[in-house]
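The values are calculated or read from the model by the stated rules, or taken from the named source; none is laboratory data. Because the structure is a prediction, the values reported are computed rather than measured. Note: ideal-geometry Cβ built from the backbone for every residue, glycine included; neighbour counts use all protein chains shown.
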Amino acid sequence: MEGREARKQDIILAGVGGQGILSIAYVIDHAALDEGLNLRQAEVHGMAQRGGAVQSHLRLSSETVYSDLIPRGGADMILSVEPLEALRYLDSLAPWGVVVTSATPFRNIPDYPDLEDILERLRRVPKHAVADSEKLAKEAGSSRAQNMVMLGAASPFLMLKEDGLLRHIENLFKPRGANLADINLKAFRLGRAAASS
Amino acid sequence: MEEAAEKDSAMKPEVLLGDEAVALGAVHAGLSAAYSYPGTPASEILEYLLRRPSGERDYTAVWSVNEKTAYEEALGASFAGRRALVSMKHVGLNVAADPFMNSALTGVGGGLVVVAADDPGMHSSQNEQDSRTYADFARIFCFEPAGHQEAYDMAREAFDLSEKFDIPVMLRLTTRISHSRSVVAPREARSQNPLRLGQWQDWTLLPVNARRRFQRLLERQPELRAASEASPFNALTLNPRDRRLGIIASGIAWNYVQENVRDLETEPSLLKVSTYPMPESLIRRLTDHAERVLVAEDGYPLIERMLRGLYGVPGKTILGRMSGELPAAGELSPDLVRTAMGLKPLKHYEPGERPLAGRPPQLCAGCPHTDTLKALTEALRDRPGSNVFSDIGCYTLGALPPYNAVQTCVCMGASISMARGGSDAGIRPAVAVIGDSTFGHSGITSLLSAARADADMTVFILDNGTVAMTGGQTSCATGPGLLKIIEGAGVPPAHIRVIEPLPRNHERNVQIIREELDHKGLSVIVAVRECVTYSSKRRG
C-alpha cells in the first residue's frame, strides 16, 4: 500500500441489532459528504437486526471507493458499541489499525464469554480506546445514547472535523426533540473526553 | 448522459441506499405507480417511495398482498400507458413468475420495470437463486448496476428501453448494492405518461395472439443484443502489451476487481458486464485477447457457464466459480476475488484464539410469538409424532434454541399446505404456524384447500398486525378482516379460536390449544397481539 497517500479511512462499525450503529453511520456519512469525500457504507438489514450481531462497513476516501465491503486487513478502525462485537471483527483490522470499543457488555446469549477476558484481548491491540459507554450515556441523560458516546470516543481518530460531526448529530436528533439532541451532543462530548484522557 | 448531469447540477447530491437510488431514478423517470411486497433486500425501494414528502409524491405507491398481485397491478398500470415499477426480493419473483413470463409476450404500454433483489450468501433468504436467469428465461433486457449512480441511471434508462422495445425490463440488484449507501447525483425529472390503453390483440394471450406475440419477442432479440453491445454501462479495456489475463466481472463483483486490480504487477484486460442479453462480441473480444479469463459474478456463474459452453473455449483457460477459483456458493467478497486474481491476502491484525460465541438473531423481548410458541410447545409435550410446519416470518426463529418449536420453513404459505399433506400422510397432530401477512400473501388458498377437505390439522395464525421481519410494513390480512377470511374459507366457526398470547394467559391458552388439537378436523387458532417493535410506529 506504500506510495499511495490518498486520504482514506475504512471503518467497521459493530454492535448488536437495536444499538443504533446506523445512526453513527448517518452522522459520519453526512459529515464526510460535507467535506467532499467519497463514501460507501454497507449495512445489514432484515433478519439479523433482531438482536443479532450487526456490522456496517463504512469507507471514506478522497478517491473513488469501489468495494462496498472492506477487505480483511483493510480496516483502519473498528468502532464497536459492544466489546464482544469489537472482538468479532478484529481480524479485519489492519496491523496498524485502532479499535475503539465500549466496555459495556450486551448479554443476550447464554454463552457470553468472560468480560475481563474480552477486554484484555481488546487492550492487546496496540492502538485502542475503551470507554464505559453505559456510564457516560447515563451521565449524558439516556443509556440509549451509548452509540453517540462511542462516536465521540472514536472522533479523535477520525479524519473528519469535530464540528461537522456535531452538526449532523444535531440534524439527526433535533427532529425528535431538542432535549434528545442535547443528550446526544453531550454523550458525544463525554465519549470524546474519555478517549482523549 | 454526461451532458444531462452537468445541466442538472443544481440538483443536490444525496446519500442513498442502492434501493433508494433505484426508487429515485424511477421517480425521475416519470413513475406513475409502484407496487411491492416486503422482502429483504428489496423492501427499501417502496419504503423510500412512501416516505417522500407528499408534495413530491405524484404517484401511487402500494404494499401489495403478494408479489404476483404486485406484478399484475404494475402490468395494469403499464397497460394504461403509465410507467410502473414492481420490486421484490429474488424469491418473490417465483411467486410473480406467471405474470412476469407472460408480460414478455404482451409487451408494455408505459415502461414496466421489474426490480429483483437477489441475496447471494442468504443473509435473509431461503436460497440464492440468480434473477438474471429469469431475465434470460423470459428473454427480456436486464441491467445490473455496480454502483449507486448506475443504479439511479439504469432505473431511468430501463423505463426508456422498456417502451422502446415494448418489453418489461429487469433491474437486478444484490444485497450489497441494495443495502449499501453512497452518493447519487440526481438529474431533472421527466414528466409522467398520459393515459393510453393497450390494443386487445396484443394483450389477450389466446393461442392465436400468444403465438404471434411470442414470434415478435423472438424477432426482437437481435435488437436487444445490439442494445446490450452498445450500452455505455459495459466497458472493455484490452491491454495490448500483456495477454496473460483477462477479467470479466458483472455488478458488484466489478467493484471487488477494481479494489484489487492496482495490486497486480501487470494490468489485465478488463470487461465490465452490466447488461443482458450478454454483450457477446465484447466477451468474444476479451476472450480472443487473453490466454486466461477469470469470470467474477455474484450469484450463479451465468456468464462463466455461457462462455464455457459444452466444450470449453479451445486454447483458453476459463476461471471462476465453476473451476473452483471462486467458491461455487455464497456471496463474493473483495478477499475471495483477490485470491482468484492470484494476489496474496492483505496483512491483518492477528487476534489469536477463536472462535467466539455467536450472536444469532432472536425474537425481541416481549414478542407475542414467544408466548404462542411456548404455549404450543407445552400443549404438544405429551403428543409424540406431532409436527409443526412453519412459514416465513420472525416466528421462523422459533426453530432455534431456546424454543425448538417448529420443524419446517420452505416458502411463503407452505406451512398450511404442508401440514395438510402431512396430515393426509398420517402425522398427528399436524400443526401449521403462519403470520398474518404471510397468510394474506399465500396462506388463504392453502386454507381454502384444507377447509374443503376438513383436514385434521390445527393452523395458528399469528396476528401481530404488521410485516415485522422486514421492518413493520402494512399487513393486508389482519384484525377482524382476518377472522372473516378464515370463516369465509369454510373453517367451522366453533373451531376458530382467538387467543391473546401473554404470559398471564399461558394456562388458558394451552387448554384452548389442547382442545383444538383433540378436534378431528380443521381448527384455526388466531393469536392476536401487536408486534412489540413496530406497534408504536404503526400508530404514528
Residues in segment B:483-535 that are part of a loop (DSSP other than H, G, I, E, B), within 30 Å of the chain's Cα centre (by Cα) and among the small types (Gly, Ala, Ser): how many?
1
Within segment A:86-138, restricting attention to residues that are part of a helix (DSSP H, G or I) and of a type in the set (S, T, N, Q), which residue is nearest to B:Ala357 (Cα to Cα)?
A:Ser92
Over segment B:15-36, the set of residues in contact with a strand residue (DSSP E or B) (Cβ under 9 Å, 6 or more places away or on another chain), away from chain A (no Cβ under 14 Å) and not aliphatic (A, V, I, L, M) is B:Gly25, B:Gly30, B:Ser32, B:Tyr35, B:Ser36
From the list B:Gly330, B:Gly324, B:Gly299, which one is within 25 Å of A:Arg72 (Cβ to Cβ), within 14 Å of chain A (Cβ to nearest Cβ) and either outside any helix (DSSP H, G or I) or of a type in the set (Gly, Ala, Ser) (or both)?
B:Gly330
Exactly one of (1) charged (D, E, K, R); (2) closer than 24 Å to B:Asn127 by Cβ; (3) crowded, with 24+ Cβ neighbours inside 10 Å; (4) more than 14 Å from chain A (Cβ to nearest Cβ) is unmet by B:Lys89. Its number?
(4)
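A quick yes/no check of all residues on (1) away from every other protein chain (no Cβ under 14 Å); (2) in contact (Cβ under 8 Å) with a residue 60 or more places away in the chain; (3) crowded, with 18+ Cβ neighbours inside 10 Å:
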{"position": "A:Glu85", "(1), (2), (3)": "no, yes, yes"}
{"position": "A:Pro113", "(1), (2), (3)": "no, no, no"}
{"position": "A:Leu119", "(1), (2), (3)": "no, no, yes"}
{"position": "A:Arg123", "(1), (2), (3)": "no, no, no"}
{"position": "A:Gly141", "(1), (2), (3)": "yes, no, no"}
{"position": "A:Ser155", "(1), (2), (3)": "yes, no, yes"}
{"position": "A:Phe173", "(1), (2), (3)": "yes, no, yes"}
{"position": "A:Phe188", "(1), (2), (3)": "yes, no, yes"}
{"position": "A:Ala193", "(1), (2), (3)": "yes, no, no"}
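Every residue, every condition in (1) surrounded by fewer than 21 Cβ atoms within 10 Å (Cβ to Cβ); (2) under 25 Å from B:Pro334 (Cβ atoms); (3) within 14 Å of another protein chain (Cβ to nearest Cβ); (4) modelled with pLDDT of 95 or more, yes or no:
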| site | (1), (2), (3), (4) |
| --- | --- |
| B:Gly109 | no, no, no, yes |
| B:Asp119 | no, yes, yes, yes |
| B:Ser131 | no, yes, no, yes |
| B:Asp136 | yes, no, no, yes |
| B:Glu144 | no, yes, no, yes |
| B:Ile167 | no, no, no, yes |
| B:Leu171 | no, yes, no, yes |
| B:Ser182 | no, yes, yes, yes |
| B:Arg190 | yes, no, no, yes |
Does segment A:20-43 include one or more residues that are modelled with pLDDT of 95 or more, at the interface with chain B (Cβ under 7 Å from one of its Cβ atoms), more than 18 Å from the chain's Cα centre (by Cα) and part of a loop (DSSP other than H, G, I, E, B)?
no
Please go through segment B:133-175 and pick out each residue that is part of a helix (DSSP H, G or I), closer than 20 Å to B:Ala235 by Cβ and either in contact with a strand residue (DSSP E or B) (Cβ under 7 Å, 6 or more places away or on another chain) or among the hydrophobic types (A, V, I, L, M, F, W, C) (or both).
B:His148, B:Gln149, B:Ala151, B:Tyr152, B:Met154, B:Ala155, B:Ala158, B:Leu161
I need the full set of residues from segment A:54-82 which are over 21 Å from A:Ala129 (Cβ atoms) and facing chain B (nearest Cβ under 7 Å), in order please.
A:Tyr66, A:Ser67, A:Asp68, A:Leu69, A:Pro71, A:Arg72
If the Cβ limit is 8 Å and pairs must be 6+ apart or interchain, which residue in segment B:192-211 that is under 14 Å from B:Ala77 (Cα atoms) pairs with which residue that is in a helix (DSSP H, G or I) and modelled with pLDDT of 95 or more?
B:Leu197/B:Phe79; B:Gly198/B:Phe79; B:Gly198/B:Thr106; B:Trp203/B:Phe79; B:Trp203/B:Thr106
What is the residue count in segment A:103-130 for residues that are more than 21 Å from B:Gly352 (Cβ to Cβ) and in contact with a Ser or Thr (Cβ under 6 Å, 6 or more places away or on another chain)?
1
In segment B:47-58, the residues that are surrounded by 21 or more Cβ atoms within 10 Å (Cβ to Cβ) and away from chain A (no Cβ under 14 Å)
B:Leu49
For residues in segment B:334-349 being facing chain A (nearest Cβ under 10 Å) and in contact with a helix residue (DSSP H, G or I) (Cβ under 7 Å, 6 or more places away or on another chain), which is surrounded by the fewest Cβ atoms within 10 Å (Cβ to Cβ)?
B:Pro345
